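One structure is given below, encoded as structure tokens.
The values are calculated or read from the model by the stated rules, or taken from the named source; none is laboratory data. Everything numeric here is computed off the predicted structure, so don't read it as measured data. Cβ coordinates were reconstructed from backbone atoms using ideal geometry, including for glycine residues, and neighbour counts include every protein chain displayed. Areas reflect the complete protein model, heavy atoms only, side chains present, ligands, DNA and RNA absent. Shrake-Rupley method; radii C 1.70, N 1.55, O 1.52, S 1.80 Å.
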Amino acid sequence: MKTVFSIYVWLMYGIFFFLAFILGLIVFLFTFPFDLYRRMPNNVFMFFGHLMMKVNPFWRISYEGLENLDKGKRGRGVEANHQSFLDMPLLATLPFNMKWVSKRELFLCLSL
């Protein structure tokens, strides 16, 4: 049963990632001249991450400590421990908008 569940999750993750990439690329190509902060492509990826977590019938998502967030504060940092490949879609379900950042070394292969 665990193997069937793993296949289902990986297949769903792959399909959602592929669809998000294609739609995000299309949105980026149409909006890059005027969307300097890439908000619209980010919204596409956040939507698909949120949808992926909500569509799965085997998972229940709950939040603890949201009452401690300062509602007036605009900036906040959220870090994932990457113990699972589902960290990024799970972060997309948080009840505030966010942007993704990564360190420069991850893109070293692109500059060679």
**Prompt:** Which sequence of L86, L36, L29 reflects their accessible areas, 1.4 Å probe, from the largest down?
**Reply:** L36, L29, L86
**Message:** Explain nothing, just compute: Karplus ³J(HN,Hα) = 6.51 cos²θ - 1.76 cosθ + 1.60, θ = phi - 60°, for every residue of segment 20-28 in order, whole Hz, x for Gly and Pro.
**Reply:** 5, 5, 5, 5, x, 5, 4, 4, 4
**Prompt:** What is the chain by shape, rounded, prolate or oblate, if you read a ≥ b ≥ c off the alpha carbon gyration tensor as root eigenvalues and call it rounded for a/c under 1.5, prolate for a/b larger than b/c, and oblate otherwise?
**Reply:** oblate
**Item:** With DNA, RNA and ligands ignored, accessible area of R39 (1.4 Å probe; Å², nearest 10)
**Value:** 140 Å²
**Asked** Along each of its three principal axes, how wide is the spread of alpha-carbon positions in segment 17-78, in whole angstrom units, largest first?
**Response** 38, 34, 13
**Request:** Give me the accessible area per residue for the chain, probe 1.4 Å, as a whole number in Å².
**Result:** 83 Å²
**Prompt:** For segment 1-65, which whole-number percentage of the solvent-accessible area (1.4 Å probe, protein heavy atoms only) is attributable to carbon and sulfur atoms?
**Reply:** 75 percent
**Message:** Suppose R0 equals 41 Å. What FRET efficiency, 1/(1 + (r/R0)^6) with r the Cβ-Cβ distance, do F34 and N68 give to the nearest 0.05?
**Reply:** 0.65
**Request:** With a cut-off of at most 16 other beta carbons within 10 Å, and DSSP calling the residue loop, which GluC sites (Glu not before Pro) in segment 1-103 qualify? Please list them.
**Result:** E64, E79
**Request:** Could you give the size of the charge dipole of segment 57-106 about its Cα centre, using +1 on the Cβ of each K and R and -1 on the Cβ of each D and E, expressed in debye and rounded to the nearest 20?
**Result:** 260 debye
**Theoretical ellipticity at 222 nm over the chain - DSSP helices of four or more residues, -39500 (n - 2.57) apiece, nearest 500** = -15500 deg cm²/dmol
**Complete:** With T31 itself left out, Lys, Arg at +1 and Asp, Glu at -1 over residues whose Cβ is under 10 Å from its Cβ give +1
**Request:** Determine the dipole magnitude for the chain: charges of +1 sit on the beta-carbon of Lys and Arg, -1 on that of Asp and Glu, nothing else is charged, the reference point is the Cα centre, and the result goes in debye to the nearest 20.
**Result:** 160 debye
**Request:** Might you work out the accessible area of F17 for me, using a 1.4 Å probe with all protein chains in place, and round it to the nearest 10 Å²?
**Result:** 120 Å²
**Given charges at Cβ of Lys, Arg, Asp, Glu: the chain dipole, positive-most of F32, P89, L51** = F32
